[in-house]
Amino acid sequence: MSKKIELTPALLRLNEQANKIYDFNKITEYIADLNRNGFTQVGYLSSCGSTHSTLKIFRLWLKAVKLIEKQGFVFTKEDVKQKNAYATINGGFRTETKYTLAPASQF
């Protein structure tokens, strides 16, 4: 059986920060996806004029990735091509990255 990512106090604090911005428990949902499926897809909307809430969550996710890597896990990252590359109605562009646990990190 493969090793599971541990929800450390530092990861839970990042999740609490994310909860204050947008959607509840996004960080822990991404981690649950990794533990269950071996991958997760994280995206954000880059918008003109202001920082979109999904980008703020993505920045917290990047901090979470560093904490997870300290547990010995290794990721491969792959940009996900969007079917609609045009700007949204609000003028933003959707960006997504697929994070997959590398085989070496699955004990």
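The values are calculated or read from the model by the stated rules, or taken from the named source; none is laboratory data. This is a predicted model, so every value here is computed, not measured. Virtual Cβ from ideal backbone geometry, glycine too; neighbours counted across all protein chains shown.
Any residue in the range 38-52 that is modelled with pLDDT under 95, at positive phi and under 12 Å from the mean Cα position of the chain (by Cα)? Within the range 38-52, not a single residue is modelled with pLDDT under 95, at positive phi and under 12 Å from the mean Cα position of the chain (by Cα).
Within the range 1-24, residues that are among the charged types (D, E, K, R) sit with their Cβ atoms under 7 Å from residues that are assigned to a helix (DSSP H, G or I) and surrounded by 13 or more Cβ atoms within 10 Å (Cβ to Cβ), at 6+ positions apart or across chains, in these pairs: K4/N35.
Results for (1) aromatic (F, W, Y); (2) more than 19 Å from E78 (Cβ to Cβ); (3) surrounded by fewer than 16 Cβ atoms within 10 Å (Cβ to Cβ), shown as yes or no for each residue.
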| residue | (1), (2), (3) |
| --- | --- |
| L12 | no, yes, yes |
| A18 | no, yes, no |
| Y22 | yes, yes, yes |
| N25 | no, yes, yes |
| D33 | no, no, yes |
| V42 | no, no, no |
| G49 | no, yes, yes |
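Return yes or no: is Q106 within 12 Å of I5 (Cβ to Cβ), of a type in the set (S, T, N, Q), more than 11 Å from the chain's Cα centre (by Cα) and at pLDDT below 90? The answer is yes for Q106.
Here is the figure for the range 35-57: residues that are under 21 Å from E16 (Cβ atoms) and either assigned to a helix (DSSP H, G or I) or out of contact with any strand residue (DSSP E or B) (no Cβ under 8 Å at 6 or more places or on another chain) (or both) total 7.
Could you list, in sequence order, all residues of the range 18-34 that are in a helix (DSSP H, G or I) and either under 13 Å from F58 (Cα atoms) or within 13 Å of the chain's Cα centre (by Cα) (or both)?
A18, N19, I21, K26, I27, T28, E29, Y30, I31, A32, D33, L34
Within the range 49-70, residues that are touching a residue at least 24 places away in the same chain (Cβ under 8 Å) have Cβ atoms under 8 Å from residues that are in a helix (DSSP H, G or I) and among the hydroxyl-bearing types (S, T, Y) in these pairs: W61/Y30; A64/Y30, counting only partners at least 6 apart in sequence or on another chain. Out of (1) surrounded by 15 or more Cβ atoms within 10 Å (Cβ to Cβ); (2) more than 13 Å from the chain's Cα centre (by Cα); (3) within 23 Å of A102 (Cβ to Cβ); (4) among the hydroxyl-bearing types (S, T, Y), what's the single condition that is false for T8? Among (1) surrounded by 15 or more Cβ atoms within 10 Å (Cβ to Cβ); (2) more than 13 Å from the chain's Cα centre (by Cα); (3) within 23 Å of A102 (Cβ to Cβ); (4) among the hydroxyl-bearing types (S, T, Y), the lone unmet condition for T8 is (1).
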